[in-house]
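Okay, structure first, notes after.
The values are calculated or read from the model by the stated rules, or taken from the named source; none is laboratory data. These figures come from a predicted structure and were not determined experimentally. A quick note on method: Cβ atoms are made from the backbone with ideal geometry, for glycine too, and the neighbour counts reach across all protein chains shown.
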Amino acid sequence: MTLLSHSLSIDIGGTFTDFTLHDSETGDLSVHKVLTDPDDPTSALIRGAREILTNAGTAPAALRLVVHSTTLATNAIIERSGAKAALLTTKGFRDVLEMGREQIYDMHDLHARFPEPLVPRHLRAEAPERTDRDGNVIERIDLSVCARVVDELVAQGVESVAVSLLHSYANPQNEIALKDHIESRHPDLPLSLSSEVAPVINEYERTSTVVADCFIKPSVSRYIRGVERELSEEGYSGRLLVMHSAGGVMDAAAARARPVRMLESGPAAGALAAGFYSELIGEPDLISLDMGGTTAKTCVIEGGRPSRANSIEVARVHRFKVGSGLPILMPVLDLIEIGSGGGSMAWLDSLGRLRVGPQSAGASPGPACYGLGGERPTVTDANLVLGYLSPDYFLGGRMSLDGEAAERALGALGAEMGMDAVDAAWGVYSVVTENMAAAARIHIIGRNKDPRSYAIVAFGGAGPAHACEVARILGASRVVVPLGAGVTSALGCLAAPLSFESVRSMPSLLDRTDWDSVESAFAEMEAWGRDMLASAGVPVYGIRVERSADMRLAGQIHEIDVPIPDGRLSQASASQIEADFHRIYQELYSRRNLSLPIETRSWRLLVSAPKPDLALRERESSSGADASLALKSSRRAYFPNAGGFVECPVYDRYQLAPGSEIRGPAIVEEEEATTVIRPGDGAKVDGWLNLVIALGHGG
């Protein structure tokens, strides 16, 4: 084996921290999982890294790459645990964070609540300056006034400052002057400029984005530096790459500079892993179901690529109500996330209805069966009572589950509903499964797609235990469960290329576009992206450039993403761009409107390095493969369509050879996840050791 053939990926979730170790020479993949330490996530990261490297017989010094995804940035906003941040904005715009869009997101709710701004009003200050919408500086910024304001904010203990001046996306001159002046007086004060973080039209959304970046910058920067330091002390001398929300990776320096790009880091890794398996198995259209300990995520994979969006909302007051969260303008993989994980707690609402989540027991105290002090019933407790989980083989036997504690917790819940612990457990299982199916249906149908046309790829520690029922509700006929499903999100980190995306807002009707200005903007964005890749050590050959635009029909509110053709743009290009706009509009909304002019709002450019060389070893399938050789035991498991508890065979996932076939009911165990196959379903192992489950028949 040659030196530096291994790549390590690490995904920190709310309950578990997952690891994958890939050997580029052999294609072998090692996986590992440890409980997350919410008070010190770096400690679990280092402990788990030591264990997986030791098990594989390698050392940190032999690693060629470490890639990391984390929920730290998102949690800091949701939990309001970021920095004491301030905002400097144009005189007269101090209250833009409260004014927002001046729209009620639910017209039927007269008491609709909005999330509190990340920066309170007393820490928001005004700067005397003005730039018009065309980028003309009408009033130069008064730096002497701003200096006094910043000095006062620092004296109040402000840890970081966001700057969002009116129309800075068109001309950042005043923002840059203010930044230079602040840095000369307070060189260690973290700053976030809207013209650097989100140079995009829409005042409220742009300000919300730069404030979020500023709010999490100190804590995220400390965390990343801490991870780099700890890895270095372990003997690793290479670079740390961090997953960003658009499905690529960036170096640690870029992550520290723009931490807002990490908001969907962990979920993006899972969606990218689903895209990797889509290409691997030749299944271009998939629905990913990533169910971990705290949340469940769903993403549509088309043509082997996860769908994308140019904005997200975080910290929603109402999870399914668009407009009830903080808007963030940045490219992301388009997925939906709900509070349905293994640690999601079951409870009764004021009407006595059974609810599951979004509250989670997390890693501490965890579900009741963890024996760490938790008493509230969770999804994991329900799966244990139903016989789907083994109390002696959780995390491969490294952690024992307390079945009696799970029964007590669910028994108490059942008593409130007039039923026993088993019926309560099945109720919890059914509700959380319906929740995931409903979220997936909303997400898929909202994209004008039919879920019955897709297969489901299921992963996460809890995903394979619920995937077949979710698929049945959606009308899907097949489920694919990768080997190492419990840590598949971490694998997604290794499938991500280094990439940087930039954007310029230049609103104009398509037929009146100044194509010279667009070409100049694209040239600047490409030069910046190539410089960023070069600073990260990417050679010039193999760099891929993709161009797109945010476009809409004039008078509409929302934009759609339209690809821009290669080559020099001119008025002659408008016809192709217009045709692509109408084609995508038709796919999304099943209609087209040729009477209204098309408006372009922003131009985008993505610069990315070649895809990583991530290849898994394919094994030859055999028609004579015998699943009975992998049979390890049996236990009673609950299946309503079989009349209740039945004796169910339990298979060792690692002993199932390619070509092996299983008929339900069956349970397939691996260290990080358990797959449940109900009566009437059947599964077969393919050459990459994926478990391919066909619903509704035995073969």
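Some observations on this one:
- Conditions (1) at positive phi; (2) out of contact with any strand residue (DSSP E or B) (no Cβ under 9 Å at 6 or more places or on another chain): number failed by G357: (2)
- Within region 361-375, the only residue that satisfies the criterion of being modelled with pLDDT of 90 or more and touching a strand residue (DSSP E or B) at 6+ places or on another chain (Cβ under 6 Å) is P367.
- Residue, farthest from V34 (Cα to Cα), within region 636-645, restricted to residues that are surrounded by 15 or more Cβ atoms within 10 Å (Cβ to Cβ) and modelled with pLDDT of 95 or more: F639
- Of all residues in region 342-368, those satisfying the criterion of being part of a loop (DSSP other than H, G, I, E, B), in contact (Cβ under 8 Å) with a residue 12 or more places away in the chain and either within 22 Å of the chain's Cα centre (by Cα) or under 28 Å from K33 (Cα atoms) (or both) are G342, G343, A361, G362, A363, S364, G366, P367.
- Subset of region 152-182 that is charged (D, E, K, R) and in a helix (DSSP H, G or I) - its residue that is nearest to S505 (Cα to Cα): E175
- Count of residues meeting criterion [under 28 Å from F276 (Cα atoms), within 32 Å of the chain's Cα centre (by Cα) and surrounded by fewer than 11 Cβ atoms within 10 Å (Cβ to Cβ)] in region 566-623: 2
- Residue check, S628 part of a loop (DSSP other than H, G, I, E, B), out of contact with any strand residue (DSSP E or B) (no Cβ under 6 Å at 6 or more places or on another chain) and not charged (D, E, K, R): no
- When each of R568, R512 is tested for being out of contact with any Leu (no Cβ under 8 Å at 6 or more places or on another chain), more than 22 Å from A170 (Cβ to Cβ) and among the basic types (K, R), the lone residue that passes is R568.
- Sole exception among (1) assigned by TED's automatic domain parsing to the domain that holds H558; (2) part of a strand (DSSP E or B); (3) out of contact with any helix residue (DSSP H, G or I) (no Cβ under 8 Å at 6 or more places or on another chain) for W603, by number: (3)
- For region 192-206, the criterion of being in contact with a strand residue (DSSP E or B) (Cβ under 9 Å, 6 or more places away or on another chain), assigned to a loop (DSSP other than H, G, I, E, B) and crowded, with 24+ Cβ neighbours inside 10 Å is met by at least one residue.
- Looking only at region 528-565, and only at residues there that are more than 14 Å from W603 (Cα to Cα) and of a type in the set (K, R), the one that is nearest to the chain's Cα centre (by Cα): R544
- Residue match in region 380-402 (condition: of a type in the set (S, T, N, Q), in a helix (DSSP H, G or I) and under 26 Å from Y654 (Cβ atoms)): yes
- Residue count for region 647-682, restricted to those that are in contact with a Ser or Thr (Cβ under 8 Å, 6 or more places away or on another chain) and under 18 Å from S621 (Cβ atoms): 5
- Looking only at region 249-308, and only at residues there that are crowded, with 24+ Cβ neighbours inside 10 Å and of a type in the set (S, T, N, Q), the one that is nearest to I442 (Cα to Cα): T298
- Of the helices (runs of 4 or more DSSP H) lying entirely inside region 6-103, the ones with 2 or more residues being polar (S, T, N, Q) are found at 41-56, 72-78.
- Any hit, region 425-447, residues being assigned to a strand (DSSP E or B), within 24 Å of G486 (Cα to Cα) and among the hydroxyl-bearing types (S, T, Y): no
- Boolean, P115 is crowded, with 17+ Cβ neighbours inside 10 Å, in a loop (DSSP other than H, G, I, E, B) and in contact (Cβ under 8 Å) with a residue 40 or more places away in the chain: yes
- Where R452 falls short, out of the listed (1) surrounded by fewer than 20 Cβ atoms within 10 Å (Cβ to Cβ); (2) modelled with pLDDT of 90 or more; (3) in contact with a helix residue (DSSP H, G or I) (Cβ under 9 Å, 6 or more places away or on another chain): (2)
- Lone qualifier among R663, R619 - being charged (D, E, K, R) and farther than 30 Å from A424 by Cβ: R619
- You will find that of L45, L72, L97, L110, the residue that is within 30 Å of E159 (Cα to Cα) and not assigned by TED's automatic domain parsing to the domain that holds E230 is L97 and no other.
- Scoring S590 on the criteria (1) among the small types (G, A, S); (2) over 30 Å from G687 (Cα atoms); (3) touching a strand residue (DSSP E or B) at 6+ places or on another chain (Cβ under 7 Å) leaves a single failure, condition (3).
- Condition check for A415 on (1) in contact (Cβ under 8 Å) with a residue 40 or more places away in the chain; (2) in a helix (DSSP H, G or I): one failure, at (1).
- Considering only residues in region 290-316 that are polar (S, T, N, Q) and not in a strand (DSSP E or B), the one that is farthest from T674 (Cα to Cα) turns out to be S307.
- On the stretch given as region 518-577, residues that are among the aliphatic types (A, V, I, L, M), assigned to a strand (DSSP E or B) and under 29 Å from A496 (Cα atoms) total 6.
- For region 462-493, a tally of residues being without any contact (Cβ under 8 Å) to a residue 60 or more places away in the chain and part of a helix (DSSP H, G or I) returns 1.
- Any hit, region 131-149, residues being in contact (Cβ under 8 Å) with a residue 60 or more places away in the chain, within 16 Å of T89 (Cβ to Cβ) and either touching a Gly at 6+ places or on another chain (Cβ under 7 Å) or part of a helix (DSSP H, G or I) (or both): yes
- Note on region 489-533: among residues that are polar (S, T, N, Q) and at pLDDT 90 or above, the one that is surrounded by the most Cβ atoms within 10 Å (Cβ to Cβ) is S499.
- Residue match in region 680-698 (condition: in contact (Cβ under 8 Å) with a residue 60 or more places away in the chain, at positive phi and among the hydrophobic types (A, V, I, L, M, F, W, C)): yes
- Flag if E670 is farther than 30 Å from S311 by Cα and crowded, with 16+ Cβ neighbours inside 10 Å: yes
- Any hit, region 35-42, residues being under 19 Å from D290 (Cβ atoms), in contact (Cβ under 8 Å) with a residue 12 or more places away in the chain and in contact with a strand residue (DSSP E or B) (Cβ under 7 Å, 6 or more places away or on another chain): yes
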